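The values are calculated or read from the model by the stated rules, or taken from the named source; none is laboratory data. Since the model is a prediction, treat every value here as computed from it, not as a measurement. All Cβ positions, glycine included, derive from the backbone under ideal geometry; neighbour counts span all protein chains shown.
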Amino acid sequence: MKEDKKILGYVIAMISVIIIMVIFFGGFRTIKSGQVGIKTRFGKVINKQIDEGVNFKLPFIEKIVKINIQVQKVELDTTSASKDLQDVNMKLAVNYRVDGKKAIKLYKNVGTNYEEVILQPAIQESIKAITSYYTAEELITNRSEVSIKCMKMLQSKVEKYGLSIDNFNITNFSFSEEFNKAIEEKQVAEQKVLTAKQELEKERIEAEKKIVKAEAEKQANELKQASLTDNLIKEKLIEKWNGELPKASGSNSVFNIDSLLQ
């Protein structure tokens, strides 16, 4: 009996030590870099933010909730309508962070699931509002502008909760098959028009070349004719005369070179 009591005493002592150790170590919580802590007592928030490091709490009475204040990313697939009523499927990637100074307010008003409760619905609303101002083609050609406007609108919606938006990226657009086909046909038509314009321009240039060439030849002929004086013509005829007098009879038999050259 004494041995049994002794063993039971050891067991109780060991259990007591374990309980004390659990209570002791359970009274500390480590907050890592890039986090802030929020202490609650019986579920009620104590208005004091806990910074990184080792912090004490009352075991079983107080709790420290960790909030990530580093840059985080949320990705969404969404569908919206353009100005010309085309369905637009988009992939979005938004970088955001929690303002450490407003972490307590965020936890009080929303809790820790702020991404699902606040951020994602605000992203959906922002993208749908902005895309309604652009046609489907304009969304493609003005992607950066659309992203910037969405980011500004999203920031205005979530900043009151203590969230800050760093980047708003539209990583992909996709449209219906009918719209893609229409775009392809339009591009083909535009290419044909461009080719026709290029051919017309080529013909115009060739015609202008011919006109310039004709004008040059005309001016050359005019200059040549202006340089042909009477004396020059006589010299040319003399150069071509073989020295023989023409055979003739009568009073006009004498050879007159002047009359020949006239």
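Summary table
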read-out	value
Residue in the range 100-110 that is among the β-branched types (Val, Ile, Thr), surrounded by 15 or more Cβ atoms within 10 Å (Cβ to Cβ) and part of a strand (DSSP E or B) present	no
Options GLU222, GLU190, GLU184; residue that is within 30 Å of LEU76 (Cβ to Cβ), among the acidic types (Asp, Glu) and modelled with pLDDT under 75	GLU184
So ASN89, is it in the same structural domain as CYS150 (by TED's automatic domain parsing), within 16 Å of PHE173 (Cα to Cα), surrounded by fewer than 16 Cβ atoms within 10 Å (Cβ to Cβ) and in contact (Cβ under 8 Å) with a residue 60 or more places away in the chain	yes
Number of the condition not met by SER126 [criteria: (1) over 15 Å from THR78 (Cβ atoms); (2) hydroxyl-bearing (Ser, Thr, Tyr); (3) over 16 Å from the mean Cα position of the chain (by Cα)]	(1)
Residue within the range 149-160 that is in contact with a Lys or Arg (Cβ under 6 Å, 6 or more places away or on another chain), surrounded by 10 or more Cβ atoms within 10 Å (Cβ to Cβ), at pLDDT 75 or above and farther than 20 Å from LYS83 by Cβ present	no
Residue list for the range 45-86, filter: at pLDDT 75 or above and on the phi > 0 side of the Ramachandran plot	LEU85
